[in-house]
Amino acid sequence: MLADCVEAAVRSLGNVTLKDIQETVEKIIEEKINDGQLDESSLTLKDIMNIKISFINVLQGIFHNRIEYPEITEEGEENGVYREQSK
């Protein structure tokens, strides 16, 4: 339940930062606790902290910023710079 909620919320944010991920995870888990949705679970506060850390690490891996690679054309040009081909 927690994983589904957290993932869906982070995906809906679009371009996210680590801070966005951390805040979203904290907010959702806090809301679930305050709403009593975890009252009958056997999770301890330590378990919940470990779950938060795991969610943040996994989501950071999924939504990290990607490097823009230069576009390479068939002629071997890379962003207007010709690369000599070996013979």
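Computed from the coordinates by the stated procedures, all read-outs in this text should not be read as laboratory data. Because the structure is a prediction, the values reported are computed rather than measured. Positions of Cβ are generated from backbone atoms using ideal geometry, with glycine treated the same way; all protein chains shown enter the neighbour counts.
Putting +1 on Lys and Arg Cβ atoms and -1 on Asp and Glu Cβ atoms, find which of Asn15, Ile48, Leu38 reaches farthest to the positive end of the dipole of segment 2-62.
Of the listed residues, the answer is Asn15.
So how much slack lies between Glu40 and Ser54, counting 0.36 nm per residue of separation and subtracting their Cα-Cα distance, in nm?
Result: 2.9 nm gained on full extension.
Using C-alpha positions alone, give me the convex hull volume of segment 2-62 per residue in cubic angstrom.
74
Could you grab the relative contact order for segment 2-62? Cα pairs under 8 Å, six or more apart, rounded to a whole percent.
The normalised contact order for segment 2-62 reaches 44 percent.
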